[in-house]
Amino acid sequence: DSGTQRRAVGSDGVAVIAQDIDLLRTISLVDSPGTNAIDRRHEALTKEYLPKCDLVLFVTSADRPFSESERLFLKSIRSWGKKCILIINKVDLLPDVFTKNEVVNFVKSSSRALLGSSPQILPVSSRHALEAKNSATKTSGPHWDASGFEALESFIHKRLDADERLRIKLESVASVGDAVGTKY
């Protein structure tokens with residue numbers, strides 16, 4: 001059950017959607033416009049949230065992983081010392097498992113160079129997840145299995161339990177302090 005939804009749009013054009021879901025009672029998710037937006041204000045808005053966030057779920061596309069704007073944004077993530085989880089979407093567009101593994105390995109080596117660490121990498125197919133959620137079987141069956149979303153949802157639930165959230169929050173504050181101290 002997705003619960004009750006409330007939506008408001010601020011004067012800055014930012015939409016705030018409140019959803020009555022247990023997990024969202026203790027965390028806030030910010031779905032930014034991204035790093036390769038046509039409207040430069042969208043890209044600025046994304047960069048504005050970076051110092052405020054505790055954990056970045058960074059989505060890149062399997063058919064074009066790490067565009068130039070994404071690479072620059074990942075460097076910003078590193079400069080703020082933020083923890084990052086990489087999600088590779090659209091893996092259903094890749095022709096076979098070999099190609100999928102090549103993309104995952106490319107993202108793994110590139111992220112190590114850009115972030116200075118080896119973040120968790122989760123390949124997913126939003127298309128398969130949507131098809132599964134709209135089917136009678138919901139979170140079982142071939143579309144759900146092919147989506148990779150079970151691993152993503154499981155990771156989020158485990159990573160964002162009460163103890164982990166506190167640890168991530170404290171690390172985030174320390175990393176921002178360190179970044180500001182280094183800069184000045």
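The values are calculated or read from the model by the stated rules, or taken from the named source; none is laboratory data. Small disclaimer: the values here were computed from a predicted structure and weren't measured. Ideal geometry is used to build each Cβ from the backbone, glycine not excepted, and the neighbour counts take in all protein chains shown. Accessible surface is based on the protein model in full, side chains and every heavy atom, while ligands, DNA and RNA are left aside. Shrake-Rupley method; radii C 1.70, N 1.55, O 1.52, S 1.80 Å.
PRE reach from Asp178 (point 7 Å along Cα→Cβ): which of the stretch 65-94 fall under 13 Å by backbone N?
The answer is 78-84, whose backbone nitrogens lie closer than 13 Å to the label point.
Multiplying the sequence separation of Asp22 and Ser135 by 0.36 nm and subtracting their Cα-Cα distance, what value in nm do you get? The partial results should precede the final answer.
Working: separation 113, 0.36 × 113 = 40.68 nm, distance 2.36 nm.
Between Asp22 and Ser135, full extension yields 38.3 nm more.
Per-residue accessible area for Lys100 at 1.4 Å probe radius, Å² rounded to 10?
70 Å²
At 7 Å along Cα-to-Cβ for each site, give me the label-to-label distance between Ser126 and Val30 in nm.
1.9 nm
Compute, for Val97, the solvent-accessible surface of its heavy atoms (probe 1.4 Å) with the complete set of protein chains present, and express it in square angstrom to the nearest 10.
Surface accessible to solvent at Val97 totals approximately 100 Å².
Check which residues have an amide H placed less than 5 Å from Cys84's amide H, if you skip close sequence neighbours.
Those qualifying (amide H under 5 Å, at least 5 residues apart or on another chain) are Val56.
Which value, in Å² rounded to 10, gives the accessible area of Tyr49 with a 1.4 Å probe and all protein chains present?
Surface accessible to solvent at Tyr49 totals approximately 70 Å².
Could you check the simple spin-label distance between Phe155 and Arg112, using points 7 Å along Cα→Cβ, in nm with one decimal?
Once both label points are built, they end up 1.7 nm from each other.
Rank Phe73, Phe155, Phe98 by accessible area, highest first, at a 1.4 Å probe radius?
Details: Phe73 15, Phe155 45, Phe98 140 Å².
Descending order: Phe98, Phe155, Phe73.
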